[in-house]
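Working notes, beginning with the structure itself.
Only the coordinates and a few stated rules stand behind these numbers; no lab work does. Small disclaimer: the values here were computed from a predicted structure and weren't measured. Note: ideal-geometry Cβ built from the backbone for every residue, glycine included; neighbour counts use all protein chains shown.
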Amino acid sequence: MQFRFLPSLIVFLGSYLPLAAILLAQDVRYSDISKYSCLNIFERNTDCQMPLDNAGYSLTIFIVCLACFLFSIITLAIAKPNIPVDITEARYTPAELMNYTLPYVVSFMNLDYQQTGKFVGLMIFLIWMFWITYKSGQLILNPMLTAFGWRHYEVTYRFPGNDEYFIGQALSRHPLTLGRHNQTSIQEVLIFRKNNIEE
C-alpha cells in the first residue's frame, strides 16, 4: 500500500517534529535570552529580538513540521469509523525505530544552520529516507503516531456478507482482536478506535 505523494510528505514531515525542535533548540543563543524584553509588543521602538542565530531556517522548519504533525493527528482524530468489517487475522507491526532515529544522531554532530555543507547533507539524507519509505509503502510505521497511542497492524478482513478476504494495513487506538469492528479508511489504511463494535 502506498500513500499519494502529498499526504506521504505531510506524514513524513510531521514525524520529524522532534528533530525540528532539537535543531531549533540548538539555534538559540541562550546567553541573549534575558537581554531583550518582548513583553511590550505594542511599543514602536522596542529592542525585542529573537535570540536565534538562523531564525528564518529554524523557525520555518519547526513550524512546517508542527503543522504537518497537527494535520496528521487531527485527521486521525476526526475520522469516524462506521463501516463494519470482520477481522480474521491481526498482526501487530512495531514502528521502525532504527531508520527513524538515524537523523537524530546526525543532529548532535555539531550541526547548525550556518554549517551549509552539513545542513545540505542532512537534507539530502532526509529526502533519501522519505523516498525509501514512500516507495516501500512503510510510511505509516511512524513512531510519532505510536507516541500518541496509535498502533500499526497488518490485518486480514472481510466485509459482512462477503466471502472475499482482503489484506491491509490498519491503525488502532486499542489492541485489535479478532471479530467485528467498525472502521473507516484514510489512503487505504483502516482506522479503528474501539474493540468489538457489534452492529
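Please compute the modelled spin-label separation between GLN114 and GLN187, points set 7 Å along Cα→Cβ, answer in nm with one decimal.
Output for this residue pair reads 3.7 nm.
What is the set of long-range amide H partners of THR93 at a cut-off below 5 Å, with H atoms built 1.01 Å from backbone N?
Close amide H contacts, sequence-distant or interchain: HIS152, TYR153, GLU154.
Give the calculated FRET efficiency between GLU89 and THR146 to the nearest 0.05, with a Förster radius of 25 Å applied to their Cβ-Cβ distance. Could the numbers behind the result be given before it?
Working: r = 21 Å, r/R0 = 0.85.
Between GLU89 and THR146 the formula returns 0.75.
Once amide H atoms are placed 1.01 Å from N in the peptide plane, what residues at a sequence separation of 5 or more from LEU190, or on another chain, have their amide H within under 5 Å of its amide H?
GLN169, ALA170, LEU171
Once fully extended, how much extra length lies between LEU66 and PHE166, figured as 0.36 nm per residue of separation less the alpha-carbon to alpha-carbon distance?
Working: separation 100, 0.36 × 100 = 36.00 nm, distance 3.45 nm.
In short, 32.6 nm is gained.
Quick one: which residues, 5+ away or cross-chain, put their amide H under 5 Å from the amide H of ARG180? H built at 1.01 Å from N.
So ARG180 has HN proximity to ILE87.
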